[in-house]
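Here is the structure we will look at, set down as structure tokens.
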Amino acid sequence: MVKTATTTQLAWRTQTYLRTVLPGLVGYPRPLPDEWQRGLPHYLTDLFDLFVLPVADQDIIVAAATAVRSVVDTQKMILRLLALGPRVLYAIDRVSGPQRQRLMDAGIEFVVPDSQFYAPSLGLILREKFASAPAPTAGLSPSAQALLITMILHSGKDFVQASQVARELGYAPITATRAVRELEATGLIQTKKQDRANLIALVHDRQAAWEQAKPLMRNPIVRVEYPRAGAIQDVEHRLTVAGLSALSEATMLGHPHRRDWAISQAEWTSLPRDVMASDDAMDARDAVEIWAYPPTLGTDAQMVDPLSLILTLDDSKDERIELALKELEEKLWQ
């Protein structure tokens, strides 16, 4: 079987899609090295277009296929590829619900560009695209929320270049465009053209924008990990103080017994494996929150931004935490 433009295009679409969900951490695909190719049976290189894709400072193999084969056959082929060393991401044009479940049950990591992905080893959770853009009532996407919080904290009603804000957040232009359209649809921001630049600004003042947006905001925490004692000492500079630890530093709340940290899920995948190994939550000295967007949107690079912090703790029933959150929010609008 001769390599086709279809499979090559699929590999590039996979790279483009991953760049939108892992901004700044995905490189460009390159052909599988000859020494790896020579160690593979011919049927593998016939059935897949194999590429190496740098993701978060590590190489993964993208196995681009034009059709979904049986899970048993696919699993056997993926195992042969895994023997080369790097992780393997199975790229396909489409997958049905039952096929998707069988792939997950078999532990096969896969991606359908612009639609679905399942790659736990890369810190990616299952996602399915049902529409071109989420309805405002469904809540803001992570990129739109990060963009809006950045505007509330920094620019307010002053017009700024959308591309510049997106670059600071590490988002690709296409992600920024979708986020701006999403926010414009909610009536939270306004846009205008200046020369060739797209400018954006809040419609209301910062406090009013926050109050209007808060019902659409989501808790940015994807999950929480509990590293073993001492495991994070060498990577603390890549973590951001979060949770009750951050709230105690910003308010009169007492310091918690456990240290809370935050990191984006994109950054989390690049940490050493010994850091990512979880301990028992009851005994852990550190808790690391994995966020859907960068936790450093505020002016303090060492601490999560105050608005996202509020969102992570807003469902607390502890009266002391509720009072501290109220204190924090009041300080923002003074």
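The values are calculated or read from the model by the stated rules, or taken from the named source; none is laboratory data. Small disclaimer: the values here were computed from a predicted structure and weren't measured. Cβ sites come from the backbone with ideal geometry, for glycine too, and all protein chains shown count toward neighbours. Areas reflect the complete protein model, heavy atoms only, side chains present, ligands, DNA and RNA absent. Shrake-Rupley method; radii C 1.70, N 1.55, O 1.52, S 1.80 Å.
Take the residues in the stretch 304-329 that are under 18 Å from MET151 (Cα atoms) and open to solvent by 10 Å² or more (accessible area, probe 1.4 Å), then tell me which one is modelled with the lowest pLDDT. Applying the filter and picking the extreme gives GLU329. Taken together, the residues in the stretch 277-303 that are open to solvent by less than 60 Å² (accessible area, probe 1.4 Å), in contact with a helix residue (DSSP H, G or I) (Cβ under 9 Å, 6 or more places away or on another chain) and assigned to a loop (DSSP other than H, G, I, E, B) amount to 6.
Got a sec? Which of VAL21, VAL55 is within 23 Å of ARG100 (Cβ to Cβ), surrounded by 12 or more Cβ atoms within 10 Å (Cβ to Cβ) and modelled with pLDDT under 75? Only one candidate qualifies: VAL21.
Okay, residues lined up against (1) at pLDDT 80 or above; (2) of a type in the set (Val, Ile, Thr); (3) under 25 Å from the mean Cα position of the chain (by Cα):
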| residue | (1), (2), (3) |
| --- | --- |
| THR74 | yes, yes, no |
| ARG80 | yes, no, no |
| TYR90 | yes, no, yes |
| ASP93 | yes, no, yes |
| GLY97 | no, no, yes |
| LEU103 | yes, no, yes |
| ILE108 | yes, yes, yes |
| PRO113 | yes, no, yes |
| PRO120 | no, no, yes |
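In the set (1) modelled with pLDDT under 85; (2) over 24 Å from VAL95 (Cβ atoms); (3) in contact with a Pro (Cβ under 8 Å, 6 or more places away or on another chain), the condition left unmet by LEU169 is number (1).
Within the stretch 213-226, if we keep just the residues that are open to solvent by 60 Å² or more (accessible area, probe 1.4 Å) and touching a residue at least 60 places away in the same chain (Cβ under 8 Å), the residue that is farthest from SER143 (Cα to Cα) turns out to be ARG223. Working carefully through the options ARG167, ARG196, find the one that is charged (D, E, K, R), open to solvent by 80 Å² or more (accessible area, probe 1.4 Å) and within 21 Å of TYR17 (Cα to Cα). Criteria check complete, one pass: ARG167.
Hey, can you tell me all the residues within the stretch 227-253 that are assigned to a loop (DSSP other than H, G, I, E, B), surrounded by fewer than 19 Cβ atoms within 10 Å (Cβ to Cβ) and at pLDDT below 90? Result: ARG228, ALA229, GLY230. Is there a residue in the stretch 259-266 that is more than 25 Å from ARG19 (Cα to Cα), of a type in the set (A, V, I, L, M) and either open to solvent by 70 Å² or more (accessible area, probe 1.4 Å) or in contact (Cβ under 8 Å) with a residue 12 or more places away in the chain (or both)? No, every residue in the stretch 259-266 fails to be more than 25 Å from ARG19 (Cα to Cα), of a type in the set (A, V, I, L, M) and either open to solvent by 70 Å² or more (accessible area, probe 1.4 Å) or in contact (Cβ under 8 Å) with a residue 12 or more places away in the chain (or both). Restricting the first member to the stretch 311-327 and to residues that are closer than 19 Å to GLU211 by Cβ, and the second to residues that are surrounded by fewer than 13 Cβ atoms within 10 Å (Cβ to Cβ) and not aromatic (Phe, Trp, Tyr), no beta-carbon pair is closer than 6 Å while six or more apart or on different chains.
Against the numbered list (1) at pLDDT below 90; (2) closer than 30 Å to VAL160 by Cβ; (3) assigned to a strand (DSSP E or B), ALA262 comes up short only at (1).
In the stretch 59-76, is there at least one residue being surrounded by fewer than 18 Cβ atoms within 10 Å (Cβ to Cβ) and within 30 Å of PRO142 (Cα to Cα)? Taking every residue of the stretch 59-76 in turn, at least one turns out to be surrounded by fewer than 18 Cβ atoms within 10 Å (Cβ to Cβ) and within 30 Å of PRO142 (Cα to Cα).
Screening the stretch 147-166 for residues that are part of a helix (DSSP H, G or I) and closer than 17 Å to GLN212 by Cβ and picking the one that is modelled with the lowest pLDDT gives SER155. Has the stretch 193-210 got at least one residue that is assigned to a helix (DSSP H, G or I), closer than 18 Å to SER141 by Cα, at pLDDT 85 or above and out of contact with any strand residue (DSSP E or B) (no Cβ under 6 Å at 6 or more places or on another chain)? Yes; the residues of the stretch 193-210 include at least one that is assigned to a helix (DSSP H, G or I), closer than 18 Å to SER141 by Cα, at pLDDT 85 or above and out of contact with any strand residue (DSSP E or B) (no Cβ under 6 Å at 6 or more places or on another chain).
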